[in-house]
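Report on the structure given below.
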Amino acid sequence: MSRTLFLYGPLCMPVMMQIVADGRPAEEPARLDGYRAAPRESDDWPVLVQDPGAVTQGILLRDVSEGMTARIAHYADAYGLVPAEVVVEADGQPVPARAFRPEHSTQAVAPGRWSLEGWAEATGEEACHAAHEIMKLRGRYHGGALRFRLGQIRARAASRVAAERFPAKHALASGPSDAWVQELHQQDDHAGYFIARTYDLRHQTFAGGPSEPIRREVFLAPDAAIVLPYDPARDRILLVEQFRMGPYGRGEGVPWMLEPVAGRVDPGESPETCARREAREEAGLDLDALHHVASCYPSPGCLSEFHHCYVGLCSLPDIQRGHGGLDEEAEDIRTHVLSFERAMELVSSGEARNAPLVLTLLWLASRRSELRGAA
C-alpha cells in the first residue's frame with residue numbers, strides 16, 4: 001500500500017504528530033472530497049463518514065518511512081481506525097493516499113463537523129498525555145487488546161490534567177525550599193487494565209542538595225468518585241457489597257466488602273457528575289444534594305488513585321437488600337439499606353474495613369443533626 005498518508009483530526013496538531021510519529025515529517029495541505037470528519041458519539045473522536053458534497057481538510061505526508069507509518073497506524077488502531085485507500089487533492093492535483101477510517105461503519109456519529117480548534121481546547125491536553133501511553137504499547141498490544149485499555153488510558157490522562165490544573169494546597173506541607181524532582185528513567189512493568197510503573201529519580205532533600213538516585217514503583221489508576229447515599233428523613237444509608245481483588249490478594253477467605261457507591265471519573269466528567277451516575281448504575285438512586293467530604297490519596301506511597309468523597313442525600317427504599325451494577329462492566333453488586341446506628345456499629349465492630357466508608361460515616365456522624373434538621 002502507498003506510504004503517502006492523508007491525516008485529519010488530532011494528528012494535524014504539531015505536538016500530537018511529534019508524540020505519535022516521533023518527528024515532524026514534511027507536510028502539505030490537502031482535502032478529501034465526499035467525506036465529512038464527524039465527531040463520534042462515544043468519545044468525540046473524529047471519524048470519516050461518506051457525505052456527498054462534503055470536504056475534509058487535512059495534511060498530506062509523502063514518502064513516509066515504514067517506521068513512522070507503523071507508529072501512526074498503531075495510534076489510529078487504538079481508536080478503532082484502520083487504513084483505507086483514498087484519492088485526495090493537493091496543490092490542485094489528485095493524489096492516491098492512505099487515510100484512517102472506522103473499522104466498522106456502524107459507529108454512531110453526532111451531526112455536524114468535528115472542530116480541531118474546539119476539540120484541542122477541551123480535550124487536547126488530555127489526548128497528548130494519552131498518546132504518550134498509547135505509543136508505549138506499540139509492539140505489545142493491538143486491535144481489541146489495545147482498545148480494551150483505551151478507557152483507562154484516557155481516564156489516567158484526565159486525572160493527570162486535573163492534577164496539573166488544580167494543584168493541591170501547600171500551606172504546611174510545602175516541600176523543601178527549592179522543591180524539584182529529576183526523573184532519570186521510567187518503565188511500565190505491567191500494562192494491563194491498570195499500569196504498574198517504575199521510576200528512577202532524584203529529588204531535593206529537606207537538608208538541601210539532591211537525594212541519592214532511588215527507584216520507586218507506583219500503581220497508576222485514574223481518579224474515583226465515592227458517595228455514601230444518606231436518607232436524612234428516615235435516617236438510613238445504603239451500602240454496596242461486592243467482590244474485591246484487594247482482600248482476595250491479601251488472602252482473606254471471604255473477599256467481599258461493604259463500601260459506599262464508587263466509580264472511575266471518566267474523561268470530561270466532573271467528580272460530582274460521576275458520583276450521581278454511579279449512584280444510578282450501582283443502586284438505582286437519584287441523588288439530591290451532594291456534600292463534599294474530602295479529596296485525598298488513599299495510599300500515596302504506592303498508588304496514584306485520587307478519591308473524591310461525598311455524602312449524597314436521597315430517598316432510600318424500604319427494601320433491605322437489592323441488586324445493582326452494569327453487566328457490561330461485570331459488576332455483581334448487592335445493596336444494603338440500614339439505619340445510621342447499624343452503620344456506625346460496623347465501624348466499632350471492625351466490619352467497615354473500606355477506608356472511604358469509614359471516612360464518610362465519621363463525617364456523616366459529625367453533620368447528621370444538621371442534615372436531618374434541613375430535611
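The values are calculated or read from the model by the stated rules, or taken from the named source; none is laboratory data. These numbers were taken from a predicted model, which means no experiment stands behind them. Quick reminder, even Gly has a Cβ in these numbers, built from the backbone with ideal geometry, and neighbours come from all protein chains shown. Side chains are part of the model used for accessible areas, which takes the heavy atoms of the whole protein and leaves out ligands, DNA and RNA. Shrake-Rupley method; radii C 1.70, N 1.55, O 1.52, S 1.80 Å.
Sort out which residues of the range 201-226 are in a loop (DSSP other than H, G, I, E, B), touching a residue at least 12 places away in the same chain (Cβ under 8 Å) and open to solvent by less than 50 Å² (accessible area, probe 1.4 Å), and write them in order of number.
Residues of the range 201-226 in a loop (DSSP other than H, G, I, E, B): 205-209, 211-213, 221-223.
Next, from what is left, pick out any that are touching a residue at least 12 places away in the same chain (Cβ under 8 Å): 205-206, 208, 213, 221-223.
Thr205, Gly208, Ala221, Pro222, Asp223 - these are the residues of the range 201-226 that are in a loop (DSSP other than H, G, I, E, B), touching a residue at least 12 places away in the same chain (Cβ under 8 Å) and open to solvent by less than 50 Å² (accessible area, probe 1.4 Å).
Considering only residues that are at positive phi and at pLDDT 95 or above, which ones fall in the range 35-65?
Start the filter on the range 35-65 by keeping residues that are at positive phi, which leaves 44, 53, 63.
Within the range 35-65, no residue meets the criteria.
Would you pick out the residues in the range 308-317 that are more than 15 Å from Ala168 (Cβ to Cβ) and either in a strand (DSSP E or B) or in contact (Cβ under 8 Å) with a residue 24 or more places away in the chain (or both)?
Initially, the range 308-317 is screened for residues more than 15 Å from Ala168 (Cβ to Cβ), giving 309-317.
Matches in the range 308-317: Cys309, Tyr310, Val311, Gly312, Leu313, Cys314, Ser315, Leu316.
Filter the range 342-375 for residues that are of a type in the set (Asp, Glu) and not in a helix (DSSP H, G or I) and give the result. So that I can check it myself, show each step before the final result.
Kept after step one, since they are of a type in the set (Asp, Glu), are these residues of the range 342-375: 345, 351, 370.
Answer for the range 342-375, where residues must be of a type in the set (Asp, Glu) and not in a helix (DSSP H, G or I): just Glu351.
Could you list, ordered by first residue, the pairs with Cβ atoms under 7 Å in which the first is in the range 282-307 and open to solvent by 60 Å² or more (accessible area, probe 1.4 Å) and the second is part of a strand (DSSP E or B) and of a type in the set (D, E, K, R), at least 6 apart or interchain?
Partner pairs satisfying both residue conditions: Cys302/Glu217.
So the check is Cβ under 7 Å with 6+ separation or different chains; which pairs have a first residue in the range 177-200 that's over 24 Å from Ala155 (Cβ atoms) and a second one that's open to solvent by 80 Å² or more (accessible area, probe 1.4 Å)?
Close Cβ pairs (under 7 Å, with a partner that is open to solvent by 80 Å² or more (accessible area, probe 1.4 Å)) amount to Leu184/Pro213; Asp200/Leu184; Asp200/His185; Asp200/Pro213; Asp200/Arg215.
It is to be established whether one or more residues within the range 66-77 are modelled with pLDDT under 95, over 31 Å from the mean Cα position of the chain (by Cα) and farther than 25 Å from Phe148 by Cα.
Within the range 66-77, one or more residues are modelled with pLDDT under 95, over 31 Å from the mean Cα position of the chain (by Cα) and farther than 25 Å from Phe148 by Cα.
Go through the range 7-34 and give me each residue that's touching a Lys or Arg at 6+ places or on another chain (Cβ under 7 Å) and in contact (Cβ under 8 Å) with a residue 24 or more places away in the chain. Step through it out loud before you land on a result.
Quick first cut of the range 7-34, residues touching a Lys or Arg at 6+ places or on another chain (Cβ under 7 Å) only: 14, 17-18, 20-22.
Within the range 7-34, Val20, Ala21, Asp22 meet the criteria.
Which of the strands (runs of 3 or more DSSP E) contained wholly in the range 227-292 include at least 1 residues that are at pLDDT 95 or above and within 18 Å of the chain's Cα centre (by Cα)?
Numbers: elements: 236-243, 256-259, 261-264.
In the range 227-292, the matching strands (runs of 3 or more DSSP E) lie at 261-264.
How many residues does the range 242-266 contain that are closer than 26 Å to Arg156 by Cα and among the β-branched types (Val, Ile, Thr)?
Counting residues in the range 242-266 that are closer than 26 Å to Arg156 by Cα and among the β-branched types (Val, Ile, Thr) gives 2.
Filter the range 176-193 down to residues that are assigned to a loop (DSSP other than H, G, I, E, B) and not acidic (Asp, Glu) and give me whichever is most open to solvent (accessible area, probe 1.4 Å).
If we filter the range 176-193 for residues that are assigned to a loop (DSSP other than H, G, I, E, B), which is where we start, we get 176-180, 192-193.
Then keep just the ones that are not acidic (Asp, Glu); that gives 176-177, 179-180, 192-193.
Values: Pro176: 26, Ser177: 132, Ala179: 68, Trp180: 78, Gly192: 6, Tyr193: 95 Å².
Within the range 176-193, the match that is most open to solvent (accessible area, probe 1.4 Å) is Ser177.
For (1) within 15 Å of Asp235 (Cα to Cα); (2) open to solvent by less than 40 Å² (accessible area, probe 1.4 Å); (3) modelled with pLDDT under 95, each residue gets a yes or a no:
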residue: Cys314; (1), (2), (3): yes, yes, no
residue: Glu331; (1), (2), (3): no, yes, yes
residue: Ser339; (1), (2), (3): yes, no, no
residue: Arg342; (1), (2), (3): yes, no, no
residue: Leu364; (1), (2), (3): yes, yes, no
